[in-house]
Amino acid sequence: MIISDLKLKMSKSKILKIVLYGAESTGKTFLTKRLAEHYQTVWSEEFLRTYVDKKLVQGVCKDNENIVTYSEVEQIAKGQIQNEEKATKSANKFVFFDTNILMSQLYSVYYFGKSPEFLQKSANSRHYDLYLFLENDIPWEADFQRDGIETRNKLTIIFKNELSHRNLNFVSISGLGKQRFENCVKEIDTYFG
């Protein structure tokens, strides 16, 4: 999409919604927090991560094979949307999302081969102004909720292809450490400056 089209959309939206989007272990949470601090606004956390952390504390799941079942996907999607809506209400010009409902839908298809109709409709109907697509060019950091480098590589391709297929506004972000953050700021300031 060309920048003039983007600016027309921006004029219709009071709060500009920016999604940190990418496979696991690409720096989404870290960058989302940093960008919100930098632009003096709020951010929305990934509902799935919090949801799984609670299950772990409660002892409901003990290995990463059974962390989430398909029957939980719609509940997780609704929680993600609630997080996004709550953050948007408190935002100041920008709101940053650590993943979004589209990623929830793609994860559902990847892991379960399908996604609930509610999730598909939500992924198709919700608007975001810009996606910062985080390339998988940083070192892998393992944690209990992550599947591995091979999964990260597969999902990177799936996620990027989906952005292109849907013709969504996105820019690729690469770089290590401070440079990755600075690249995000540069792209945001260029698009919305």
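The values are calculated or read from the model by the stated rules, or taken from the named source; none is laboratory data. Values in this document were obtained by computation on a predicted structure and should not be read as measured data. Cβ coordinates were reconstructed from backbone atoms using ideal geometry, including for glycine residues, and neighbour counts include every protein chain displayed. Just so you know, the surface numbers come from the protein's heavy atoms only, side chains and all, with ligands and any DNA or RNA stripped out. Shrake-Rupley method; radii C 1.70, N 1.55, O 1.52, S 1.80 Å.
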Handout entry: Any pair with Cβ under 9 angstrom, 6 or more apart, that starts in the range 162-173 at a residue that is farther than 15 Å from Arg126 by Cα and ends at one that is aromatic (Phe, Trp, Tyr) and outside any strand (DSSP E or B)
Key = Val171/Tyr191
Fill in the blank from the handout: Lys9 meets each of (1) at pLDDT 95 or above; (2) open to solvent by 40 Å² or more (accessible area, probe 1.4 Å); (3) out of contact with any strand residue (DSSP E or B) (no Cβ under 7 Å at 6 or more places or on another chain) with one exception, condition (1)
Practice task
Being in contact with a Phe, Trp or Tyr (Cβ under 9 Å, 6 or more places away or on another chain) and modelled with pLDDT of 95 or more narrows it down to one of Val52, Val42, so name that one.
Solution key: Val42
Completion exercise
Of the conditions (1) under 21 Å from Leu134 (Cα atoms); (2) open to solvent by 10 Å² or more (accessible area, probe 1.4 Å); (3) at pLDDT below 95, the single one that Thr69 does not satisfy is (1)
